[in-house]
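Here is the structure we will look at, set down as structure tokens.
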Amino acid sequence: MSAEYRDPWIRCTDQHVAIRGYYFPWGTKRIRYDQIRGVRRVRLGLMRGKVRIWGTANPRYWAGVDPRRPAKEIGLVLDLGRWVRPLITPDDPEAVEACIRAHTGVAAAGAAPAPVI
């Protein structure tokens, strides 16, 4: 299995996106590309995920572990067609978004403020 993208917390392979540290205490969530219905680029802010290292205050979204999230400006929200949507903050959001779009064919959506997380 070749890695198309990898950083300490996010990995895009030819079959899925893996989010390390998604489950307590350090479990990995693997999302097959056929499960992804959409990807939305969001701008992080003080109450909008930037200072949240892991978890959520909003039951609609879940942020996997990323100790470097406070230094990041952009996140990606994955729509899996379920109530909870993962928020990921890869080191290179453009590369991850391009990888997901290439594997899923979902259309691009403009950047928006992140949800309160």
task: Determine one quarter of the surface area of the Cα convex hull of the chain, which equals its mean projected area, and express it in nm² to one decimal.
output: 6.4 nm²
- prompt: Which shape class, rounded, prolate or oblate, goes with the range 4-69 when its Cα gyration tensor gives a ≥ b ≥ c as root eigenvalues, a/c under 1.5 marks rounded, and past that a/b bigger than b/c marks prolate?
  reply: prolate
- prompt: Ranked highest first by average number of other Cβ atoms within 10 Å, how do 51-58, 7-14 line up?
  reply: 7-14, 51-58
- request: Could you let me know the centre-to-centre spacing of the range 41-117 and the range 1-37, using Cα atoms, in angstrom?
  value: 13 Å
message: Could you give the length gained by full extension between residue 83 and residue 68, i.e. 0.36 nm per residue of separation minus their alpha carbon distance, to one decimal place?
response: 2.8 nm
field: Loop sites in the range 51-110: GluC sites (Glu not before Pro), DSSP, at most 13 other Cβ within 10 Å
entry: 73
Neighbour cut-off at most 11 other Cβ (10 Å), DSSP loop, chymotrypsin sites (Phe, Trp or Tyr not before Pro), the range 11-47: 26
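A short reminder: the numbers here are calculations on the coordinates, not readings from a lab. In this text the structure is predicted, and so the values were computed from the model without any measurement. Note that we place each Cβ from the backbone using ideal geometry, even for glycine, and neighbour counts take in every protein chain shown.
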